[in-house]
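For reference, the structure is listed below as structure tokens.
FYI, it's all coordinate maths here, none of it is from the lab. On a predicted model such as this, the values are computed, not experimentally measured, just so you know. Because the Cβ atoms are built from the backbone with ideal geometry, glycine has one as well, and the counts that use them run over all protein chains shown.
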Amino acid sequence: MSEHHQLDPLILGRRVRHFRNQANLTLDQLGEQVGKPAPYLSLLENGRKQPKLNLVMEIAAALDTPIGDLLEPTAPSRRDQLEISLLKAQSSSLFDSLDIPTIKPSAKVDNQTLAHLVGLHDALRERASIDSAGSEDVRRANGMVHGVLKANDGYLVDIEVAAREALVNCGYEGEGPFTSRNLLDLTASFGFELAPIEDMPSFARSIIDQDNRRIYIAQRNELRTRQARKAVLQTLAAFVLEHETEPDLDTFLRQRMETAYFAAAVLAPEDSVVARLMVAKENHDIDVEDVKELFYVSYEMAAWRTVNLLTRHFDIKSHLIVSNQVGTVIKGYANDGVPIPRDEYGGIETQRLCRRWGARVTFDSTEAFDTHHQYTDTPEGTYFCTTHQEAGRDPANAITVGVAFADARWFRGRDTDKRTTSTCPNPTCCRQPEPELADRWANKVVVSARSQDRILGMLAPDPYPELDMPEVLAVVDAHSGAS
């Protein structure tokens, strides 16, 4: 048993209380034997203290109980299991959103009432779960995530702090790319071993074997270095940020955003990125490409780190859009007032960009994979943007970082002569054909659209890929060393 193993403090506390009562010891009597005051042991038994392994061993000896019995991952009784389930349900984000008082599972609450309360919480969680979500639920939850980012100007201070602490723990000094050695050291600092395997299921980013403390990822020939670093860091983020393991939809999307943010904050550390951007701003030469090259991250991740830090450190508001060739927004963020189309909940994913914007103009450029700089006049003002298509992605996505005209002076490419005018959402801008063209071809053209993907999307019960758990467990078992 390693000290790195994550003991459930509620279960451990209940097992200590169970065996203490069997031994007919008071908290004071146990405290005298292990050198801890009764109030500390009370907190431990109530799951509010996580003891180190050597203290657990001392408690086991004082109670004349095998340490394995204390460390069993199950509650010692049906009553304890009900109380633990209720306490965990009342500590979830879903419960917080209800704005109702908690109920203390005291001795006055009988088992039948406890079972009823736990059943209600389970049913509520099931109704709010990912599996039961429809497209409108996803849009609403996605809009909430956008609201969180915008309210914080794209900067999440708690995650920046967690990333900084993680870097200190693995000895990374913040200069140059985060190496494979750094990644192994960081993984080890959380008590895990990194294990590349050839038979990683295609639907899984990583698999965690908590019993053997391993994180399985695909072999490097299947997963490039940059992708591997991100996959491992997003996996570790769930532990670092203490994410819920059975989140409701809102929490799932927020946690998904937070794990991506944590990975980026580790691979492109705040202090180092800010120092680079500060020099670039002094030279009127801010460019995402420099962050990409300095930290060996993808252009998209470098773009996210740039916009994460621009407002916080330089008072520059900005926007970031990842979109495809037909202008459909895949993901993005904005706090600069740019008129990105939004759904009724404030989300921008699946919305269609104007044809005049750089994110779409770049696909028709003769220099498609060069950086495209452009000014766009819109009903909300003029915006400068830099658009880049990442090579090696099929189909290609465009990554656009932009700012209002007044802040263009700080960016490389500001001297471009490319300029367009967009009047969207006015349909005459680009949504409707020119009147002369429409008249000429009225009732003469029929389009046969590719519909299979759309039909499959409409048939799908939910927007998330199913996990083939038999395959996952077979892979873990094969690599566990178990006979």
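Structural remarks
- Cβ crowding within 10 Å averaged over residues, with 352-359, 376-383 ranked highest first: 352-359, 376-383
- Dipole-positive endmost among Phe190, Val232, Asn397 within the chain (Cβ charges, Cα centre): Asn397
- Its DSSP H runs of at least 4 residues, each contributing -39,500 (n - 2.57), put the calculated 222 nm mean residue ellipticity of the chain at -14000 deg cm²/dmol, to the nearest 500.
- Cβ-defined net charge surrounding Asp271, 15 Å radius [Lys, Arg +1; Asp, Glu -1]: -1
- Within the shell of other residues whose beta carbon sits under 9 angstrom from the beta carbon of Cys429, the net charge comes to +3, with Lys and Arg scored +1 and Asp and Glu -1.
- Based on Cα contacts under 8 Å between residues 6+ apart, the stretch 9-70 shows a relative contact order of 42 percent.
- Helix 299-314 axis, angle to the chain major axis (alpha carbon atoms, nearest 10°): 80
- If both residues of a DSSP beta bridge must be in the chain, then about 75% of such bridges are antiparallel.
- In the chain, Cα pairs under 8 Å separated by at least six residues give a relative contact order of 12 percent.
- Qualifying GluC sites (Glu not before Pro) in the stretch 153-197, where qualification requires a DSSP coil assignment and no more than 14 other C-beta atoms within 10 Å, comprise Glu173, Glu175.
- Proximal charge balance of Tyr345 [Cβ under 13 Å; K/R count +1, D/E count -1]: -2
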